[in-house]
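Here it is, the structure, as structure tokens.
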């Protein structure tokens, strides 16, 4: 099985074939493609903290900065046992593509520490955040690289990192980190941004297919931050959510679900009342299947059994390439993650803009701008789908790669 980084590079090669005819200067085009398959900068270091018991412990830390032709690097920081050089390099490529698809002026980066944060106390977690911030301080800044929360990191961790960074540079520079608490310059609407962006994509997709929200049934896999907000806001927009799940199983009702009531029960009892498995949820006869939890859940084993008309990817990488080939043959549209879940990075961009201006937007303005940005991105991609007769994923990658290569050529990098 190919590594995650190898798969990300293959995506670039696959789209390069489609883009070949767009460029008369083939040598420059080939150089750009080759450059895009390797991060511009990659940093790796063992960082150490003193544990509560007085012992010193070291952890492997990374930061991958992929391409900044369209603007400063932008990407999350994850604390997870499976963080690897391969993973952060791949994710930095995907972030470059995601920012280009959304039309926001950033390139992609990603970072992480190999650690299970559940094994750390709060004071140890703070020390780890400070140590990581110290490691990346020489390589980040509001016009250089802008980190954000990712897996197992949050606003509090960004606050600790911001404080460490600002002490080292001896000035305030809040725009260097996004996903911060609102009290430190974080944006209103950031918590629900990924889910909200997905609902805006769903609405414009429905409009393009001349479908009414009230006639569309949705199944959502995942009731974490993204799945919960997507389901809640989709319901509010008039769509019917008939199934939702957590990691151990789900609940289904063809008449529709009360998402807030379900979350309340889960929080009180620690689990959902379940009447279907996650496998069964994926195979429900719905209009839109929304994988919002894990990568690779739609694969060559189950793709043939999917009955949805559309897959809207709210998780990162929930559909394997082999599965997508099956779905395309079945005429099931897959709205790719780099479009569907780009609401988070888009509102992170808005947070950066607000910090640079020293002026906070209202939640209404945040959502208004998010809707405008993500709707425009969908329309741009849908136009390519129709003109080139290609899938939504290929169209999204085509648009992103063209924007990045054009920026590299304009700068004279190739």
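So which residue, out of 25, 283, 295, gets the largest mean-square fluctuation from a GNM of the chain using Cα contacts under 10 Å as springs?
In the Gaussian network model the winner is 25.
I would also like to ask the following. Could you tell me the calculated FRET efficiency between residue 209 and residue 42, based on Cβ-Cβ distance and R0 = 41 angstrom, to the nearest 0.05?
0.45
Let me ask something else. Once you've got the GNM for the chain with C-alpha springs shorter than 10 Å, pick whichever of 109, 252, 92 has the biggest mean-square fluctuation.
Looking only at 109, 252, 92, the biggest GNM fluctuation is shown by 252.
Sticking with this structure for a sec: Using per-residue counts of other Cβ atoms within 10 Å, averaged over each peptide, order 161-173, 140-152 from highest down.
140-152, 161-173
Calculate the length of the line joining the C-alpha centroid of segment 286-362 to that of segment 214-271, in whole Å.
Answer, in whole Å: 17.
Evaluate the relative contact order of segment 187-414 (contact order divided by residue number), counting alpha-carbon pairs under 8 angstrom at least 6 apart; express in whole percent.
With pairs under 8 Å counted, the relative contact order is 20 percent.
Still on this model: Would any residue of segment 54-68 have its amide N under 18 Å from a label point 7 Å out along Cα→Cβ of residue 121? List them or say none.
Output list for this probe position: 54-58.
Report the full-extension gain for the segment residue 300 to residue 362: residue separation times 0.36 nm, less the Cα-Cα distance, to one decimal in nm.
So the chain would gain 17.9 nm between residue 300 and residue 362.
Based on a Kirkwood Rh over C-alpha pairs, give the Stokes-Einstein translational diffusion coefficient of segment 41-184 at 10 °C and viscosity 1.306 mPa s in µm²/s.
105 µm²/s
Now for a separate question. In a Gaussian network model over the chain where Cα atoms closer than 10 Å are linked, find which of 249, 108, 186 has the largest mean-square fluctuation.
249
At 25 °C and a viscosity of 0.890 mPa s, what translational diffusion coefficient does Stokes-Einstein give for the chain, taking Rh as the Kirkwood radius over Cα pairs? Give it in µm²/s as a whole number.
The Stokes-Einstein estimate is 112 µm²/s.
Relative contact order for segment 41-184 using alpha-carbon pairs under 8 Å, separation at least 6, rounded to a whole percent?
25 percent
For residue 331 paired with residue 413, estimate the spin-label separation in nm (one decimal), with each label point 7 Å from Cα along the Cα-to-Cβ line.
Distance between the two pseudo-spin positions: 4.1 nm.
Quick check on the chain: helices-only [θ] at 222 nm, where DSSP H runs of length 4 and up contribute -39,500 (n - 2.57) each and the sum goes over total residues. Nearest 500, please. Walk me through the numbers on the way to the answer.
Numbers: 14 runs with 193 residues, N = 414.
It lands at -15000 deg cm²/dmol.
Next question, about the same structure. Is the shape of segment 326-399 best called rounded, prolate or oblate, per the rule: a/c under 1.5 gives rounded, else a/b larger than b/c gives prolate, else oblate, with a ≥ b ≥ c the square roots of the Cα gyration tensor eigenvalues?
Taking the square roots of the gyration eigenvalues as a ≥ b ≥ c, segment 326-399 is prolate.
Then there is this: What is the Cα convex hull volume of segment 221-281 when expressed per residue in Å³?
Normalising the Cα hull of segment 221-281 by residue number yields 71 Å³.
Okay, next question. Would you work out the relative contact order for the chain, in percent, from Cα pairs under 8 angstrom that are 6 or more residues apart?
16 percent
Laboratory data are not the source of any read-out in this text; all were calculated from the coordinates shown. For clarity, every value in this text was computed on a predicted model and none was experimentally measured. Glycine gets a Cβ as well: all are built from the backbone with ideal geometry, and neighbour counts include every protein chain shown.
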